[in-house]
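Laboratory data are not the source of any read-out in this text; all were calculated from the coordinates shown. The structure displayed is predicted, hence computed values, not measured ones. Positions of Cβ are generated from backbone atoms using ideal geometry, with glycine treated the same way; all protein chains shown enter the neighbour counts.
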Amino acid sequence: MSKIILTGDRPTGKLHIGHYVGSIKRRVELQNSGEYDETFIMIADAQALTDNADTPEKVRQNIVEVALDYLSCGLDPKISTLFIQSQIPELCELSFYYMNLVTVSRLQRNPTVKSEIQMRNFEASIPVGFFTYPISQAADITAFKATTVPVGEDQLPMLEQTKEIVRRFNMIYDEVLVEPDVLLSENKACLRLPGTDGKAKMSKSLNNCIYLSDTEDDVKKKIMNMFTDPNHIRVDDPGQVEGNPVFIYLDAFAKPEHFAEYFPDYQNLSEVKEHYSRGGLGDVKIKRFLNNVLQEELAPIRARRKEYEKDIPAVYEILRKGSEKAEAVAAQTLSEVKRAMRINYFEDMDYINEQSKKFTNK
Ligand code: ATP
Ligand code: MG
C-alpha cells in the first residue's frame, strides 16, 4: 500500500514555533526521508472560515503568509504538494456524505472542539460549520487516502473521528477509504508547546506566540518577557522547572551541542534544571541561553523566507499547481465513494439496462 502524508494548518495567522515543533519540522523530515509516495500539505482556509466567517480578509491575507512559512521551513514543492482547501470542491461533497455517518452527540463529545467553543465564546451560538469541522477534516484526510497524519496533540480527537467515519463507511458501503495513523512528536515538550504567557497552548488566536517570521529583535524581546516561575523572585530562591515555559521550550529546542557553545557552565539540560530547582540560577541567564538556541534554529528559516518573499507570484503559482494536482486525486476518491454509495447512476450501464428490462417487461 502507498504511504501518503496529509496535514495542514489554518490560515488564521502566521505560523509559530509551536506549529514548527508540533508538526512542520517533522513534515520536512518525513518529506526528505524518501519513504513516502506522496506528501500533501493543505492550507485549511475553508476550515478557518468556520470561525472567521466575518473576517474573510484575514483568512485571505494569511494564505501567502502560511505558504511562505512552509517554504521557508523547507517544504519543497518539487516533492510535496502544497494546496488550498477551498479550491478542492470535492472535499465539500465528501463532507456532506460523511455527515450522515456521525451523530450530533458524537460531535459534542470531541474534547478539542469543546475547549475551542469555550475559548471563542461560542457556547450560546455555535456556527454549524464550526461544529462539524471534524467531519470536514475527515474528508480532507480520506480524500487523499492518507496513511500518516503528522500533527500536534490537540488533533488526536479529529483523527479518532476520522477513523470512525472510515470504519463506518467501509462497513456500510465498500472498502474504499483508508484508516490514517496519527504521527505525534516523540518529544513530549513538542506535543503542545505552551504560550510565552505560560498558557497551555501557543495559539495564533491567543496572541502568545513566537512567530517563525519574527525578527531577531522581536524573538529576543518576547523571550526576555516570557512568563517563568512567578515565585522565583530572587536568584537564590529555588525555582520551579515543571510547567515553566522557558524550560519546556528548552526541552523542545536545545541540542547537546548548544551547551558547549552557549552555556559552557553546564553539560546538559538536566544540570541546568537541577541548578534552577536548587536556587542560585537567575531567569535572565536561562532566557539568554534560550534566545541563542532559538535564534540558531530560526536564522536559516528567516533567510529562506526573505528569498521567497522576492517573488510572491511564484508562491501563488506553487499553490495553484498544487491545488490542481490535489483536486485530481480528490476527484478520483470521490468517484470511488459515489460508486460505493451507489450514486453513480450515469456510469452504471448494467443498472440502467436492468431498470430498462424491469419496465419493458411490465
Ligand atoms: P487556531 O488558533 O486558529 O486554531 P492554531 O495555532 O491552533 O490556530 P492550527 O492551524 O489549528 O493552529 O494547527 C495546525 C497544526 O499545528 C496542528 O497539527 C496542531 O496540532 C499544531 N499545533 C498548533 N499549536 C500547537 C502548539 N502550541 N504546540 C504543538 N503543536 C501545535
Ligand atoms: Mg487550532
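Roughly how many debye, to the nearest 20, is the charge dipole of segment 171-216 about its Cα centre, given +1 on each Lys and Arg Cβ, -1 on each Asp and Glu Cβ, and no other charges?
Computed charge dipole of segment 171-216: roughly 440 debye.
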- Message: Looking at the chain as a GNM with Cα springs under 10 Å, which of ARG305, ARG109, ARG60 has the largest mean-square fluctuation?
- Response: ARG109
- Task: May I ask you to evaluate 6.51 cos²θ - 1.76 cosθ + 1.60, the Karplus curve with θ = phi - 60°, for each residue of segment 25-39 and list the ³J(HN,Hα) values in order in whole Hz, giving x for glycine and proline?
- Result: 4, 5, 4, 5, 4, 5, 4, 7, 5, x, 8, 10, 6, 8, 10
- Enumerate the amide H contacts of GLY198 below 5 Å, restricted to partners 5 or more residues apart or on another chain; note that Pro and chain-start residues carry no placed amide H. PHE227
- Note on the structure: Amide H proximity to ASN208 below 5 Å, modelled H, separation 5+ or other chain, gives SER203
- Given backbone amide H placed at 1.01 Å from N, residues whose amide H is under 5 Å from that of GLY8, ignoring those fewer than 5 places away on the same chain, are MET42
- Between the Cα axis of helix 156-172 and the main Cα principal axis of the chain, the angle (0 to 90°, nearest 10) is 20 degrees
- Task: Could you bin all the Cα-Cα distances of segment 283-340 into 5 Å bins starting at 0 and give me the percent of pairs in each, rounded to whole numbers?
- Result: 4, 15, 11, 10, 11, 10, 10, 9, 9, 6, 4, 2, 1
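Tell me what the chain gives for mean residue ellipticity at 222 nm when only DSSP H runs of n ≥ 4 count, each as -39,500 (n - 2.57), the sum divided by the residue total, rounded to 500 deg cm²/dmol. Show your work: numbers first, answer last.
Values: 17 runs with 194 residues, N = 362.
Calculated mean residue ellipticity at 222 nm is -16500 deg cm²/dmol.
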- Going through segment 1-86, which GluC sites (Glu not before Pro) have at most 14 other Cβ atoms within 10 Å and a DSSP loop state? GLU35
- Query: How big is the gap, in Å, between the Cα center of segment 120-150 and the Cα center of segment 191-214?
  - Reply: 22 Å
- Query: Between ILE172 and ARG304, what FRET efficiency comes out of the Förster formula 1/(1 + (r/R0)^6) with R0 = 51 Å and r the beta carbon distance, rounded to 0.05?
  - Reply: 0.65
- Item | Per residue Cα convex hull volume in Å³ - calculated over the chain | 166 Å³
- Name the residue, out of ILE63, ILE88, ILE172, whose mean-square fluctuation peaks in a Gaussian network model built on the chain with Cα pairs under 10 Å. ILE172
- Query: Is any residue of segment 254-288 close enough, with backbone N under 19 Å, to a label point placed 7 angstrom from the Cα of ILE233 along the Cα-Cβ axis, and if so, which?
  - Reply: 277-284
- Query: Scattering from the C-alpha atoms of segment 128-217 alone, worked out with Debye: what is log10 I(q)/I(0) at q = 0.11, 0.15, 0.20, 0.23 1/Å?
  - Reply: -0.43, -0.71, -1.00, -1.13
- Extension gain LYS78-THR215, at 0.36 nm per residue separation less the Cα-Cα distance, in nm? 46.5 nm
- Task: Work out how much length ASP54 to GLU160 would gain on full extension: take 0.36 nm times their residue separation and subtract the Cα-Cα distance, in nm to one decimal.
- Result: 35.2 nm
- Using a Gaussian network model of the chain whose springs link C-alpha atoms within less than 10 Å, name the residue from PRO194, PRO11, PRO256 with the highest mean-square fluctuation. PRO256
- Item | GluC sites (Glu not before Pro) lying in DSSP loop within segment 211-272, provided at most 10 other Cβ fall within 10 Å | GLU242
- Query: Does segment 151-293 come out rounded, prolate or oblate by the C-alpha gyration tensor, with a ≥ b ≥ c the root eigenvalues, rounded set by a/c under 1.5 and, if not, prolate when a/b is larger than b/c and oblate if not?
  - Reply: prolate
- Task: Compute the Cα gyration tensor for segment 229-362, then decide on rounded, prolate or oblate, letting a ≥ b ≥ c be the square roots of its eigenvalues: rounded whenever a/c is under 1.5, prolate when a/b is larger than b/c in the other cases, and oblate in all that remain.
- Result: prolate
- Query: Rounded if a/c is under 1.5, else prolate if a/b is larger than b/c, else oblate: which is segment 44-174, with a ≥ b ≥ c the root eigenvalues of its Cα gyration tensor?
  - Reply: oblate
- Message: Which GluC sites (Glu not before Pro) in segment 83-180 sit in a loop by DSSP (not H, G, I, E or B) and have at most 12 other Cβ atoms within 10 Å of their own Cβ?
- Response: GLU123, GLU175
- Query: Considering the dipole of segment 257-344 built from charges on the beta carbon (Lys and Arg +1, Asp and Glu -1) around the Cα centre, which of ASN291, THR333, GLY322 is farthest to its positive end?
  - Reply: THR333
- Using the charge dipole of segment 1-53 (Lys, Arg: +1 at Cβ; Asp, Glu: -1 at Cβ; taken about the Cα centre), state which of GLY18, VAL28, ILE43 has its Cα farthest towards the positive end. GLY18
